[in-house]
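Taking it in order: structure first as structure tokens, then the write-up.
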Amino acid sequence: MRTRYVGPLVALPLALALTACGGGGGGGSTASTDFSATPSGTLNGWAFDNADDVGQARMDYAKDELKGVTIKLDQTAFDAQKFTTRLAGGDVPDVVQMDRRYVTTYAAQNLITPLDKCFSAHDVDPDKQWYPFVVDDVRFKDQVWAVPQFYQPPAILLNTRVMDAAGVTPEQIDTSKPDELVAAIGKMYKESGGVPTSLGFDPVATGQAGLWVLANGGKLTDDAGTTVAGDSGELWIRTPAVMDGYLDNQAETAAVLVDGWFRTGDIARIDGEGYVTIVGRVRERIKRGGYSIFPAEVETVLLAHPAVAEAAVVAMPDPTLGEEVAAFVALRPGAAADAETLIAWCRERLAAFKYPRRVTLLDALPRSATGKVLKAKLV
């Protein structure tokens, strides 16, 4: 597709980027693209996995605006490793939805296309269309490389009565200065008999879990309990609100409470802005030849297949790799797909070490009385 225009869509830290090797021209160039022409052909999109009411409304709007264009979407989640693998293999989508933190990195590598000519052709001034600091997140070398989406600026409600009593000023409640913020929280925090009576700061807004972790002494650790940085790890927290232990179960208490830290059992990532993403559970993590794989990611890809109704991914013992990725799938009524088809589907959408080597078809997955999948019965 040689000409295309993605209209200004107004989304949390997500952005839309045009790949450099797509119809916009190679190597990050837009010289051969006429953004003012009537769009035609096929538009291939990837990572549009937010299929809620808002996401569907955006898709409907795009189809209405691009009447002469056939829109094909891959609704699996964005994966940075897979993105570069797809580009290297020539499997290049036209439009990709990704977290804005990736945009300038890919711009520096000429893997995506600058959009200034597109904005100019449609009389869009990015600095007026969106908040300036949002546009700055996707600006590189004085060019804008992505379309911001649904960015909602955070709002903090201040309780001046509590702040005044603790000698805290509004200027100290600044999420861009975590050291000052934590110090202010410490001044406002109160407890009675070990029970918190004033939290000091309660970041209930979506995406602000990182501040809660920071304020309560959270950290990510490896299997040995050593703090890790810039990678995923088990989330440990230390706060007066943590339990004293399990009733009449000292062994389980000792397993989760270590030197005042509570091991949540959740595997998480914390990005450079403090956003926390829970990616899986320690007990469910699959260790395949030195790589960690989280079942939820593989299950999401399987559930995107039109024939799949249910999917559960577990670890199976493997004499060479230690553990292997195995999937159990129930198909939709009347649908047809075999194990080889589903393995190929996953291989095209996941990193090489992540896709399942074994797929077993079942009439239905075993579930508890509350509807939870009983993975232990699948192993």
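The values are calculated or read from the model by the stated rules, or taken from the named source; none is laboratory data. Computed from a prediction, not measured in an experiment: that's the story for all the values here. Positions of Cβ are backbone-derived with ideal geometry, glycine not excepted, and every protein chain shown enters the neighbour counts.
If we scan the stretch 198-215, do we find a residue that is in a loop (DSSP other than H, G, I, E, B), of a type in the set (A, V, I, L, M, F, W, C), exposed (fewer than 14 other Cβ atoms within 10 Å of the Cβ) and modelled with pLDDT under 85? Yes: the stretch 198-215 contains one or more residues that are in a loop (DSSP other than H, G, I, E, B), of a type in the set (A, V, I, L, M, F, W, C), exposed (fewer than 14 other Cβ atoms within 10 Å of the Cβ) and modelled with pLDDT under 85.
Each row is one residue, and each column tells you yes or no for (1) more than 22 Å from the chain's Cα centre (by Cα); (2) over 21 Å from residue 376 (Cβ atoms); (3) not in a strand (DSSP E or B); (4) not basic (Lys, Arg).
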residue	(1), (2), (3), (4)
283	no, no, yes, no
296	no, no, yes, yes
301	no, yes, yes, yes
337	yes, yes, yes, yes
340	yes, yes, yes, yes
344	yes, yes, yes, yes
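Being outside the structural domain of residue 99 (by TED's automatic domain parsing), under 19 Å from the mean Cα position of the chain (by Cα), modelled with pLDDT under 90 and not basic (Lys, Arg): is that true of residue 273 here? Spelling it out, residue 273 is indeed outside the structural domain of residue 99 (by TED's automatic domain parsing), under 19 Å from the mean Cα position of the chain (by Cα), modelled with pLDDT under 90 and not basic (Lys, Arg). Scanning the stretch 272-328 for residues that are in contact with a helix residue (DSSP H, G or I) (Cβ under 8 Å, 6 or more places away or on another chain) and hydroxyl-bearing (Ser, Thr, Tyr) gives a single hit, 275. Flag not set for residue 78, criterion: part of a helix (DSSP H, G or I) and in contact with a strand residue (DSSP E or B) (Cβ under 8 Å, 6 or more places away or on another chain).
Quick check: is even one residue across the stretch 253-261 closer than 28 Å to residue 286 by Cα and either modelled with pLDDT under 80 or in contact with a strand residue (DSSP E or B) (Cβ under 6 Å, 6 or more places away or on another chain) (or both)? Yes, some residue in the stretch 253-261 is closer than 28 Å to residue 286 by Cα and either modelled with pLDDT under 80 or in contact with a strand residue (DSSP E or B) (Cβ under 6 Å, 6 or more places away or on another chain) (or both).
Considering only residues that are within 28 Å of residue 189 (Cβ to Cβ) and either under 31 Å from the mean Cα position of the chain (by Cα) or among the polar types (S, T, N, Q) (or both), which ones fall in the stretch 240-254? Those that are within 28 Å of residue 189 (Cβ to Cβ) and either under 31 Å from the mean Cα position of the chain (by Cα) or among the polar types (S, T, N, Q) (or both): 240, 241, 242, 243, 253. Using the structure shown, decide if residue 364 is surrounded by fewer than 17 Cβ atoms within 10 Å (Cβ to Cβ), assigned to a loop (DSSP other than H, G, I, E, B), at pLDDT below 95 and in contact with a helix residue (DSSP H, G or I) (Cβ under 8 Å, 6 or more places away or on another chain). No, not satisfied. Considering 278, 267, 286, the condition of being under 21 Å from residue 373 (Cβ atoms), modelled with pLDDT of 90 or more, surrounded by 14 or more Cβ atoms within 10 Å (Cβ to Cβ) and not basic (Lys, Arg) is satisfied by 286 alone.
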